[in-house]
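Here's the structure, in structure tokens; my notes come after.
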Amino acid sequence: MDNELYEELKGTIDSVVYYNEGNDYAVLEIRLENELIITAVGTVPIPFEGECVILKGKWGYHKEFGRQFVIESYEKTLPKGTEGIYQYLSSRMIKGIGPATAKKIVERFGEDTFEVIETHPEWLADIPGITRKKAAAISESFREQSGIRGVMMFCKDYMGVGEVSKVYKRFGSGAVGIIKQNPYILCNGENSIPFDKADAIAMSLGTPLDSRERILSGIIFILRGVAAQNGHTCYPVHDTVLQASELLGVDGAKIEVVMEGLLDSGDLSGYKVDGKRFVMTNETSEDEDIIARNLSRIMASAGRFGAMDISMLIEKVETTLGIGFAPLQREAIFASLENGVMILTGGPGTGKTTVVRAM
């Protein structure tokens, strides 16, 4: 971003013009501190009218809608003053509170309203129309919204707005506590974030460099990278240890000891081939098991041809197509018809398409 165009705006969400729950894209009308109303667009998870926000970004121009502030990052804060508190509560952001109830609460508790709702919800029951049960529900909803703000404030220095949104949607208002317990949980499952960002959070929390969770997450990061870049579903233990040592800044001997424990506990999967040890993620191991079971199922029911019939069929296809198959092509065709199932691999120009055509 051009620093000369970078700005920070403070204001209140006056209107949520548009909000997409799928990707958190929002079009908002923001009332600035000088009462000027501007249009702001960008990723803002679960926006509500009345919320106080600090927006960072730059101005842009939409050919249809005109001048807009493009949000790069933001913070949500609680409003101050009775008017701001009333607007916040009357926006129905807090379940159980509408404009009429908001007015009664603010008239009774003034600028102490938020503290009462969070720490003394039973006091709300003194207001006509609010039962103790409703007061408890209001307090719970308010604390949930506080949790959203807490997640945003905790994560904003380490990840983008979209990633913060994913974290909140995944873990809810208790996300901060979950992350503090094990930051590397952010690298796993759906809506995961990159290892380096989770590692930055872990380092800020004082997580030891050689912690079990850090080494496990680093190894999984390496194995996923090997799979994505080179197509390998597993990797030699020795090479994994070397790469993990370089990535994590931890002695290889320590990593090897921890890896042995991870393999024994089932947090990683491993096996031997010709005396050489390999390691893979449990996710990949489970996928391979599923593939193997399905191939076995297909093979059990697949039709097969006898060797003599196959030779005759291959000669017939060669005559029909006017070609002569290379030895490996002939072997591939023969294997597919004899076994019922065959996995065909090979680089570009090795004749895979011709084999498929023949089959």
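The candidates Ser265, Ser211, arranged from most to least accessible area with a 1.4 Å probe in the full protein assembly, appear as Ser265, Ser211. Take each peptide in 229-235, 107-113, count the other Cβ atoms within 10 Å of every residue, and average; sorted highest first, the result is 107-113, 229-235. Electrostatic tally near Phe171: other residues with Cβ closer than 13 Å to its Cβ, Lys and Arg +1, Asp and Glu -1, net +1. Does segment 232-306 come out rounded, prolate or oblate, given a ≥ b ≥ c as the square roots of the eigenvalues of its C-alpha gyration tensor, rounded meaning a/c under 1.5 and, failing that, prolate meaning a/b above b/c? Prolate shape, in that a/c is at least 1.5 and a/b is the bigger ratio. Against the main long axis of the alpha-carbon atoms of the chain, helix 212-230 sits at an angle near 50°.
Of the labelled figures (1) 20.5; (2) 23.2; (3) 29.6, only one reflects mean projected area of the Cα convex hull in nm² as derived from the coordinates, namely (3).
Which shape class, rounded, prolate or oblate, goes with segment 185-250 when its Cα gyration tensor gives a ≥ b ≥ c as root eigenvalues, a/c under 1.5 marks rounded, and past that a/b bigger than b/c marks prolate? Taking the square roots of the gyration eigenvalues as a ≥ b ≥ c, segment 185-250 is oblate. Neighbours of His238 by Cβ distance under 11 Å: Lys/Arg scored +1, Asp/Glu scored -1, total 0.
Rounded if a/c is under 1.5, else prolate if a/b beats b/c, else oblate: with a ≥ b ≥ c from the C-alpha gyration tensor eigenvalues square-rooted, which is segment 21-162? Note, shape of segment 21-162 comes out prolate.
Once the Cα atoms of helix 282-301 and of the chain are each reduced to a long axis, what angle between those two axes, in degrees from 0 to 90 to the nearest 10, is obtained? In the chain, helix 282-301 runs at an angle near 50 degrees to the longest axis. Rounded to the nearest 10 square angstrom, His238 shows an accessible area of 120 square angstrom against a 1.4 Å probe. Once you reduce segment 81-137 and segment 11-74 to the center of their Cα atoms, the two points are 26 Å from each other. Summed over qualifying helices (DSSP H, 4 residues or more, each -39500 (n - 2.57)) and divided by its residue number, the chain shows a 222 nm mean residue ellipticity of -15500 deg cm²/dmol.
Roughly how many percent of the accessible protein surface of the chain is carbon and sulfur, given a 1.4 Å probe and a whole-percent answer? List each step's numbers first, then the result.
On the way: 10320 of 20150 Å².
Of the solvent-accessible surface of the chain, carbon and sulfur hold 51 percent.
Solvent-accessible area of Lys316, all protein chains in place: 140 Å² (probe radius 1.4 Å, heavy atoms, ligands and nucleic acids excluded). Relative to the dominant Cα principal axis of the chain, helix 99-109 is inclined by about 60°. Which one, Ile105, Phe325, Asn182, projects farthest toward the positive side of the charge dipole computed for the chain from Cβ point charges (K/R +1, D/E -1)? The listed residue farthest towards the positive side: Phe325.
Looking at the chain, the accessible area is 56 square angstrom per residue; that uses a 1.4 Å probe and ignores ligands, DNA and RNA.
The values are calculated or read from the model by the stated rules, or taken from the named source; none is laboratory data. Given the structure is predicted, the values throughout are model-derived calculations rather than measurements. Counting neighbours? That spans all protein chains shown, and the Cβs are built from the backbone with ideal geometry, glycine included. Just so you know, the surface numbers come from the protein's heavy atoms only, side chains and all, with ligands and any DNA or RNA stripped out. Shrake-Rupley method; radii C 1.70, N 1.55, O 1.52, S 1.80 Å.
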